[in-house]
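Report on the following structure.
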Amino acid sequence: MGDFSESLTTAFALVAGADPKLWPIVRLSLAVSGLATLLAALIAFPIAAWVALTPFRGRGLIVAGLNAMMGLPPVVVGLVVYLLLSRAGPFGAMGILFTPAAMVIAQCVLVAPLMMALARQTLEDALIEYDAYLRSLGASKLQRVGTLLREARFSLTTVLLAGFGRAAAEVGAVMIVGGNIDGVTRVMTTTIALETSKGDLPLALGLGVVLVLLVLLVNTGAYGIRRYSARRYG
(Lines give C-alpha, C1' and ligand atoms only; values in the text may rest on other atoms or scores of the structure.)
Protein backbone atom coordinates (compact mmCIF):
# COMPACT_ATOMS: atom_id res chain seq x y z
CA MET A 1 0.00 0.00 0.00
CA GLY A 2 2.90 2.31 0.80
CA ASP A 3 4.45 1.77 -2.62
CA PHE A 4 1.16 2.62 -4.32
CA SER A 5 0.71 5.79 -2.25
CA GLU A 6 4.27 6.86 -3.02
CA SER A 7 3.80 6.17 -6.74
CA LEU A 8 0.52 8.08 -6.78
CA THR A 9 2.08 11.06 -4.99
CA THR A 10 4.95 11.08 -7.48
CA ALA A 11 2.45 10.81 -10.35
CA PHE A 12 0.56 13.90 -9.22
CA ALA A 13 3.87 15.71 -8.82
CA LEU A 14 4.76 14.84 -12.43
CA VAL A 15 1.43 16.19 -13.64
CA ALA A 16 1.51 19.36 -11.54
CA GLY A 17 5.17 20.04 -12.30
CA ALA A 18 4.77 19.83 -16.09
CA ASP A 19 7.31 17.02 -16.27
CA PRO A 20 9.26 17.24 -19.56
CA LYS A 21 8.88 13.50 -20.09
CA LEU A 22 5.13 13.41 -19.51
CA TRP A 23 3.68 16.41 -21.34
CA PRO A 24 5.21 15.78 -24.79
CA ILE A 25 3.44 12.42 -24.70
CA VAL A 26 0.18 14.14 -23.78
CA ARG A 27 0.58 16.70 -26.57
CA LEU A 28 1.25 13.99 -29.17
CA SER A 29 -1.77 12.03 -27.95
CA LEU A 30 -4.04 15.05 -28.29
CA ALA A 31 -2.65 15.92 -31.72
CA VAL A 32 -3.05 12.39 -33.08
CA SER A 33 -6.53 11.81 -31.64
CA GLY A 34 -7.74 15.30 -32.51
CA LEU A 35 -6.64 15.07 -36.15
CA ALA A 36 -8.00 11.52 -36.48
CA THR A 37 -11.37 12.66 -35.11
CA LEU A 38 -11.59 15.61 -37.50
CA LEU A 39 -10.71 13.44 -40.50
CA ALA A 40 -13.22 10.82 -39.37
CA ALA A 41 -15.91 13.52 -39.09
CA LEU A 42 -15.20 14.73 -42.63
CA ILE A 43 -15.78 11.18 -43.83
CA ALA A 44 -18.52 10.07 -41.45
CA PHE A 45 -20.92 13.02 -41.42
CA PRO A 46 -21.54 13.26 -45.19
CA ILE A 47 -22.04 9.49 -45.43
CA ALA A 48 -24.33 9.52 -42.39
CA ALA A 49 -26.36 12.36 -43.91
CA TRP A 50 -26.69 10.49 -47.21
CA VAL A 51 -27.81 7.27 -45.51
CA ALA A 52 -30.21 9.06 -43.14
CA LEU A 53 -31.83 11.42 -45.63
CA THR A 54 -31.88 9.43 -48.88
CA PRO A 55 -34.19 6.42 -49.38
CA PHE A 56 -32.62 3.71 -51.54
CA ARG A 57 -32.67 -0.06 -51.98
CA GLY A 58 -30.44 -1.91 -49.52
CA ARG A 59 -30.42 0.92 -47.03
CA GLY A 60 -31.33 -1.40 -44.16
CA LEU A 61 -28.28 -3.54 -44.81
CA ILE A 62 -26.01 -0.50 -44.78
CA VAL A 63 -27.54 0.70 -41.51
CA ALA A 64 -27.03 -2.74 -39.97
CA GLY A 65 -23.45 -2.78 -41.24
CA LEU A 66 -22.70 0.64 -39.75
CA ASN A 67 -24.14 -0.42 -36.40
CA ALA A 68 -22.09 -3.63 -36.44
CA MET A 69 -18.89 -1.73 -37.27
CA MET A 70 -19.25 0.33 -34.10
CA GLY A 71 -17.68 -2.61 -32.31
CA LEU A 72 -14.63 -2.99 -34.55
CA PRO A 73 -11.78 -4.53 -32.49
CA PRO A 74 -8.89 -2.02 -32.36
CA VAL A 75 -6.24 -4.70 -32.83
CA VAL A 76 -7.94 -5.87 -36.03
CA VAL A 77 -8.02 -2.32 -37.35
CA GLY A 78 -4.36 -1.93 -36.44
CA LEU A 79 -3.46 -5.17 -38.21
CA VAL A 80 -5.30 -4.18 -41.41
CA VAL A 81 -3.72 -0.71 -41.47
CA TYR A 82 -0.32 -2.27 -40.75
CA LEU A 83 -0.65 -4.63 -43.70
CA LEU A 84 -1.75 -1.80 -45.99
CA LEU A 85 1.16 0.45 -44.96
CA SER A 86 3.89 -2.20 -44.71
CA ARG A 87 6.51 -2.49 -47.41
CA ALA A 88 4.64 -5.35 -49.04
CA GLY A 89 1.33 -3.52 -48.83
CA PRO A 90 -0.31 -1.35 -51.51
CA PHE A 91 0.63 1.87 -49.67
CA GLY A 92 4.06 0.82 -48.49
CA ALA A 93 5.77 3.30 -50.80
CA MET A 94 4.41 6.14 -48.64
CA GLY A 95 6.81 5.12 -45.89
CA ILE A 96 4.58 6.26 -43.04
CA LEU A 97 4.43 3.06 -40.99
CA PHE A 98 5.62 3.66 -37.41
CA THR A 99 4.92 7.39 -37.68
CA PRO A 100 2.18 9.57 -36.17
CA ALA A 101 0.55 9.67 -39.61
CA ALA A 102 -0.06 5.91 -39.47
CA MET A 103 -1.55 6.31 -36.01
CA VAL A 104 -3.91 9.01 -37.27
CA ILE A 105 -5.05 6.71 -40.08
CA ALA A 106 -5.65 3.80 -37.70
CA GLN A 107 -7.65 5.90 -35.26
CA CYS A 108 -9.62 7.48 -38.11
CA VAL A 109 -10.59 4.04 -39.43
CA LEU A 110 -11.55 2.98 -35.92
CA VAL A 111 -13.77 5.93 -34.97
CA ALA A 112 -15.33 6.77 -38.36
CA PRO A 113 -17.88 3.89 -38.24
CA LEU A 114 -18.87 4.86 -34.70
CA MET A 115 -19.44 8.47 -35.77
CA MET A 116 -21.32 7.37 -38.91
CA ALA A 117 -23.74 5.22 -36.92
CA LEU A 118 -24.37 7.83 -34.23
CA ALA A 119 -24.70 10.71 -36.70
CA ARG A 120 -27.06 8.72 -38.91
CA GLN A 121 -29.38 8.04 -35.98
CA THR A 122 -29.23 11.68 -34.93
CA LEU A 123 -30.14 12.92 -38.39
CA GLU A 124 -32.92 10.34 -38.79
CA ASP A 125 -34.45 11.54 -35.52
CA ALA A 126 -34.27 15.14 -36.78
CA LEU A 127 -35.81 14.04 -40.09
CA ILE A 128 -38.78 12.44 -38.32
CA GLU A 129 -39.33 15.59 -36.27
CA TYR A 130 -38.93 18.30 -38.90
CA ASP A 131 -39.21 16.91 -42.43
CA ALA A 132 -43.01 16.99 -42.78
CA TYR A 133 -43.11 20.56 -41.53
CA LEU A 134 -40.35 21.65 -43.92
CA ARG A 135 -42.09 19.97 -46.85
CA SER A 136 -45.31 21.78 -45.98
CA LEU A 137 -43.39 25.06 -46.27
CA GLY A 138 -42.20 24.09 -49.73
CA ALA A 139 -38.52 23.83 -48.75
CA SER A 140 -36.22 22.32 -51.36
CA LYS A 141 -34.21 19.19 -50.59
CA LEU A 142 -31.06 21.25 -50.05
CA GLN A 143 -32.91 23.59 -47.70
CA ARG A 144 -34.32 20.63 -45.76
CA VAL A 145 -30.87 19.09 -45.39
CA GLY A 146 -29.40 22.41 -44.24
CA THR A 147 -32.16 22.90 -41.67
CA LEU A 148 -31.85 19.38 -40.33
CA LEU A 149 -28.07 19.74 -39.96
CA ARG A 150 -28.53 23.05 -38.17
CA GLU A 151 -31.15 21.67 -35.79
CA ALA A 152 -29.01 18.62 -35.03
CA ARG A 153 -25.75 20.55 -34.56
CA PHE A 154 -25.60 20.05 -30.79
CA SER A 155 -26.18 16.32 -31.08
CA LEU A 156 -23.59 16.10 -33.85
CA THR A 157 -21.12 17.88 -31.58
CA THR A 158 -21.63 15.17 -28.96
CA VAL A 159 -20.97 12.59 -31.68
CA LEU A 160 -17.69 14.39 -32.41
CA LEU A 161 -16.75 14.29 -28.74
CA ALA A 162 -17.65 10.61 -28.53
CA GLY A 163 -15.35 9.91 -31.45
CA PHE A 164 -12.51 11.84 -29.82
CA GLY A 165 -13.01 9.98 -26.55
CA ARG A 166 -12.85 6.63 -28.34
CA ALA A 167 -9.71 7.67 -30.21
CA ALA A 168 -7.91 9.06 -27.16
CA ALA A 169 -8.56 5.92 -25.08
CA GLU A 170 -7.49 3.45 -27.80
CA VAL A 171 -4.28 1.44 -27.43
CA GLY A 172 -4.25 -1.66 -29.64
CA ALA A 173 -4.31 -0.10 -33.12
CA VAL A 174 -1.79 2.67 -32.40
CA MET A 175 0.55 0.21 -30.72
CA ILE A 176 0.62 -1.92 -33.87
CA VAL A 177 1.05 0.82 -36.49
CA GLY A 178 3.02 3.27 -34.35
CA GLY A 179 5.50 0.93 -32.75
CA ASN A 180 5.51 2.88 -29.47
CA ILE A 181 8.80 4.60 -30.36
CA ASP A 182 10.07 6.92 -27.63
CA GLY A 183 9.83 10.55 -28.67
CA VAL A 184 8.18 9.67 -31.99
CA THR A 185 4.99 7.61 -31.64
CA ARG A 186 4.61 7.09 -27.91
CA VAL A 187 1.18 8.28 -26.76
CA MET A 188 -0.56 8.10 -23.40
CA THR A 189 -2.22 4.71 -23.74
CA THR A 190 0.82 2.93 -25.17
CA THR A 191 3.13 4.53 -22.62
CA ILE A 192 0.88 3.45 -19.75
CA ALA A 193 1.01 -0.15 -21.01
CA LEU A 194 4.79 -0.04 -21.50
CA GLU A 195 5.71 1.71 -18.24
CA THR A 196 3.44 -0.57 -16.22
CA SER A 197 5.17 -3.62 -17.66
CA LYS A 198 8.55 -2.04 -16.80
CA GLY A 199 7.45 -1.22 -13.28
CA ASP A 200 7.67 2.57 -13.72
CA LEU A 201 4.38 3.21 -11.95
CA PRO A 202 4.69 6.98 -11.32
CA LEU A 203 4.84 7.85 -15.03
CA ALA A 204 2.11 5.32 -15.87
CA LEU A 205 -0.12 6.65 -13.09
CA GLY A 206 0.58 10.26 -14.08
CA LEU A 207 -0.49 9.60 -17.64
CA GLY A 208 -3.44 7.61 -16.34
CA VAL A 209 -4.56 10.60 -14.30
CA VAL A 210 -4.31 12.88 -17.34
CA LEU A 211 -6.18 10.38 -19.52
CA VAL A 212 -8.99 9.94 -17.00
CA LEU A 213 -9.30 13.72 -16.62
CA LEU A 214 -9.42 14.07 -20.40
CA VAL A 215 -12.16 11.45 -20.74
CA LEU A 216 -14.12 13.10 -17.92
CA LEU A 217 -13.74 16.48 -19.61
CA VAL A 218 -14.99 15.12 -22.93
CA ASN A 219 -17.98 13.41 -21.34
CA THR A 220 -18.80 16.46 -19.24
CA GLY A 221 -18.69 18.57 -22.37
CA ALA A 222 -21.02 16.20 -24.18
CA TYR A 223 -23.43 16.17 -21.22
CA GLY A 224 -23.35 19.95 -21.00
CA ILE A 225 -24.13 20.30 -24.70
CA ARG A 226 -27.08 17.92 -24.39
CA ARG A 227 -28.42 19.83 -21.37
CA TYR A 228 -28.02 23.17 -23.15
CA SER A 229 -29.77 21.84 -26.24
CA ALA A 230 -32.63 20.42 -24.14
CA ARG A 231 -33.12 23.70 -22.29
CA ARG A 232 -32.97 25.81 -25.44
CA TYR A 233 -35.14 23.69 -27.70
CA GLY A 234 -36.99 21.63 -25.05
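The values are calculated or read from the model by the stated rules, or taken from the named source; none is laboratory data. A quick note: this is a predicted structure, and the numbers were derived from the prediction, not measured. Using ideal geometry, Cβ is built from the backbone for each residue, glycine included, and neighbour counts are taken over all protein chains shown. The area values use the complete protein model at the heavy-atom level, side chains included, leaving out ligands, DNA and RNA. Shrake-Rupley method; radii C 1.70, N 1.55, O 1.52, S 1.80 Å.
Data overview
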item	result
Filter result for residue 7 (among the polar types (S, T, N, Q), modelled with pLDDT of 90 or more and open to solvent by less than 60 Å² (accessible area, probe 1.4 Å))	no
Residue selected from the stretch 132-148 under the condition under 30 Å from the mean Cα position of the chain (by Cα) and surrounded by fewer than 16 Cβ atoms within 10 Å (Cβ to Cβ), by the criterion farthest from residue 51 (Cα to Cα)	143
Qualifying positions in the stretch 149-167 - open to solvent by 30 Å² or more (accessible area, probe 1.4 Å) and in contact (Cβ under 8 Å) with a residue 24 or more places away in the chain	149, 151, 154, 155, 157, 160, 161, 162, 164, 166
Residue 88 being without any contact (Cβ under 8 Å) to a residue 40 or more places away in the chain and open to solvent by 70 Å² or more (accessible area, probe 1.4 Å)	yes
Residue match in the stretch 137-154 (condition: over 24 Å from residue 222 (Cα atoms), among the polar types (S, T, N, Q) and in contact with a Ser or Thr (Cβ under 8 Å, 6 or more places away or on another chain))	no
